[in-house]
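The structure appears below as structure tokens.
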Amino acid sequence: MDTSKNSFNKRIKSFGYAFTGIYELIKSEPNARIHLLATIVVAFAGFFLKISSAEWCVVLIVIALVWAAEAFNTVIEKLSDYLFPEYHETARMAKDVSAGAVLICAIAALAIGLIIFVPKIVLLFH
């Protein structure tokens, strides 16, 4: 058996699992659908307002940060619910802290979005 081919096939399958995970995140989590809508709106605004390459880099980083935080939050929630079907104070705290992490990332993304997009929107009306 050619191990390099086998290894390549495993990498291809791992991408499939990752895309399945993203699909499951969007399908199962209402907040992920909100992030998806925000991502689409920001992408269109970026193209329409012709943001610079540096601005695109910052926007893409914060979009990825919010998505990653939402994914980790979902994992923590699902594992906590599975491991502790009854109320458990530590599980509650873990879920609240992970939700707080998403909120921190989303607020930072909003602030960065305002810094980048508001001046360009203001220029449209002057």
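Just to be sure, is Phe72 more than 30 Å from Pro119 (Cβ to Cβ), in a helix (DSSP H, G or I) and of a type in the set (Phe, Trp, Tyr)?
Against the criterion (more than 30 Å from Pro119 (Cβ to Cβ), in a helix (DSSP H, G or I) and of a type in the set (Phe, Trp, Tyr)), Phe72 qualifies.
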Odd one out for Ala45 among (1) without any contact (Cβ under 8 Å) to a residue 60 or more places away in the chain; (2) under 30 Å from Phe125 (Cα atoms): (1)
Subset tally (residues that are out of contact with any His (no Cβ under 9 Å at 6 or more places or on another chain), in a helix (DSSP H, G or I) and not aliphatic (A, V, I, L, M)) for the stretch 80-126: 14
Residue within the stretch 3-10 that is without any contact (Cβ under 8 Å) to a residue 60 or more places away in the chain and under 20 Å from the mean Cα position of the chain (by Cα) present: no
Residue under evaluation Glu77, criteria (1) surrounded by 14 or more Cβ atoms within 10 Å (Cβ to Cβ); (2) not in a helix (DSSP H, G or I), criterion not met: (2)
Close pairs from the stretch 14-26: first part of a helix (DSSP H, G or I), partner of a type in the set (S, T, N, Q), Cβ under 7 Å, at least 6 apart: Leu25/Thr74
Phe117 vs. criteria over 22 Å from Ile22 (Cβ atoms), modelled with pLDDT of 95 or more, surrounded by 13 or more Cβ atoms within 10 Å (Cβ to Cβ) and not aliphatic (A, V, I, L, M): yes
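Please work out which residue is farthest from the chain's Cα centre (by Cα), limiting yourself to the stretch 40-55 and to residues that are within 16 Å of Leu114 (Cβ to Cβ) and either surrounded by 14 or more Cβ atoms within 10 Å (Cβ to Cβ) or not β-branched (Val, Ile, Thr) (or both).
Applying the first criterion (within 16 Å of Leu114 (Cβ to Cβ)) to the stretch 40-55 yields 41-42, 45-46, 49, 51, 55.
Then drop every residue that is not either surrounded by 14 or more Cβ atoms within 10 Å (Cβ to Cβ) or not β-branched (Val, Ile, Thr) (or both), which leaves 42, 45-46, 49, 51, 55.
Details: Val42: 13, Ala45: 18, Gly46: 18, Leu49: 23, Ile51: 21, Glu55: 18 Å.
Among residues in the stretch 40-55 that are within 16 Å of Leu114 (Cβ to Cβ) and either surrounded by 14 or more Cβ atoms within 10 Å (Cβ to Cβ) or not β-branched (Val, Ile, Thr) (or both), the one farthest from the chain's Cα centre (by Cα) is Leu49.
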Set Ile61, Ile51: member being of a type in the set (A, V, I, L, M, F, W, C), within 25 Å of Tyr23 (Cα to Cα) and modelled with pLDDT of 95 or more: Ile61
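Considering every residue within the stretch 7-23, establish whether at least one is within 30 Å of Ile115 (Cβ to Cβ) and either surrounded by 11 or more Cβ atoms within 10 Å (Cβ to Cβ) or in contact with a strand residue (DSSP E or B) (Cβ under 8 Å, 6 or more places away or on another chain) (or both).
yes
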Any hit, the stretch 1-20, residues being at pLDDT below 95 and of a type in the set (Asp, Glu): yes
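The values are calculated or read from the model by the stated rules, or taken from the named source; none is laboratory data. Values in this document were obtained by computation on a predicted structure and should not be read as measured data. Glycine gets a Cβ as well: all are built from the backbone with ideal geometry, and neighbour counts include every protein chain shown.
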